[in-house]
Amino acid sequence: MAGNSQRRNRRTSNKKGATVGSGGKRRRGLEGKGPTPPASARKGHAKNRVANARAKQAARRPVARRGGKGSSEMVVGRNPVFEALRDGVPATMLYVQQFIDNDERVREALQLAGQRGNIHLMEAPRAELDRMTNGLNHQGLVLQVPPYEYAHPEDLAAAAFDDGEDPLIVALDGVTDPRNLGAVVRSVAAFGGHGVVVPERRAAGMTAGAWKTSAGTAARTPVARATNLTRALEAYQKAGITVVGLAADGETEVGELEALDGPVVIVVGSEGKGLSRLVGETCDFRVRIPMPGGAESLNAGVAAGVVLYEAARRRA
């Protein structure tokens, strides 16, 4: 009996006890770790240091912001529609009245729209065109103009600095005629300017009329919209840009202003009222255009053209 008990104890003592598991670590250790990351993503690698430096440099650059969209509009009438298409006004849809008399203007408008390639043609009954235009005399043709994509005022200066150039910008204060805005855009393009700034309220926007007056230059000259023009001018000043206001009683003649050699914003007021009080007080200089002929003032497009020419002449 004693011998049998000893043998059982011996067998029991030889049996292995509970073993602590590895928790799957050994199995996972045998698995592959995936593809080798590129050098630019490996910490300590020279290419990784270069990539990090570029990322930090990009983070320091100002982020371009948009100035919002304008509202869509409609050009109505055979001659206005033809002229808008001829002058390159952006358009998305040309509505044509059903059973319209196919005269010369209608044929030319349809031909121009077809040449664009991105304008949809839509036939509609007269009652529908009357409803769309609120009863205007559309003569069977209605052109849909899309909302204008405004830049942010900071975009204009940033683009100039990125190109290694001194910004040359025109800001309009209280100019409400779209044709004047179009004329200013045309002058800015002609003299190598970098864009136009308009206030968001109580000011002309980039309508079909402004597009037509710009003679196609609006396609390559950005227009920015500022929520508050005074603050936009102050932001330009902080960026090292001189703000010059045009005023009939300005202290300096435009030909004597050396600031036009460098980064400058030219502020043009309305023909009747000139610069508003806050905008005038914000300007670094107030300059006048000498007019020996005795005229009291110039419209915005002509005044901007005179100063832009002087700035371009000095920079040549």
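Before moving on, here are some points about what is shown:
- Taking every protein chain into account, the accessible area of region 174-316 amounts to 47 square angstrom per residue (probe 1.4 Å).
- Dipole magnitude of region 215-316, debye to nearest 20 (Cβ charges: Lys/Arg +1, Asp/Glu -1, about Cα centre): 480 debye
- Using a Förster distance of 22 Å, the FRET efficiency for Thr252-Glu281 (Cβ separation, nearest 0.05): 0.85
- Estimated dipole of region 129-268 in Debye, rounded to 20 [Cβ of Lys and Arg +1, of Asp and Glu -1, Cα centre]: 900 debye
- Percentage relative contact order, region 78-207, counting C-alpha pairs under 8 Å, at least six apart: 23 percent
- Apportionment of accessible area to carbon and sulfur, region 226-296, percent (1.4 Å): 47 percent
- Amide H contacts under 5 Å for Ala124: Val96, Gln97, Gln98, restricted to partners 5 or more places along the chain or on a different chain, H placed in the peptide plane at 1.01 Å from N.
- In a fully extended conformation the segment linking Ala235 and Ser71 would gain 56.4 nm over its present Cα-Cα distance, using 0.36 nm per residue.
- Whole-number D in µm²/s for region 206-275 (Stokes-Einstein; Kirkwood sum over Cα pairs; 25 °C, 0.890 mPa s): 171 µm²/s
- Near Thr242, the amide H atoms lying under 5 Å from its own belong to Val264, Val265; only residues 5 or more places off or on other chains count, and H is placed 1.01 Å from N.
- Per residue, the accessible area of region 113-164 comes to 56 Å², computed with a 1.4 Å probe over protein heavy atoms only.
The values are calculated or read from the model by the stated rules, or taken from the named source; none is laboratory data. Keep in mind the model is a prediction, meaning the values are calculated, not measured. All Cβ positions, glycine included, derive from the backbone under ideal geometry; neighbour counts span all protein chains shown. Accessible surface areas use protein heavy atoms only, side chains included; no ligands, DNA or RNA. Shrake-Rupley method; radii C 1.70, N 1.55, O 1.52, S 1.80 Å.
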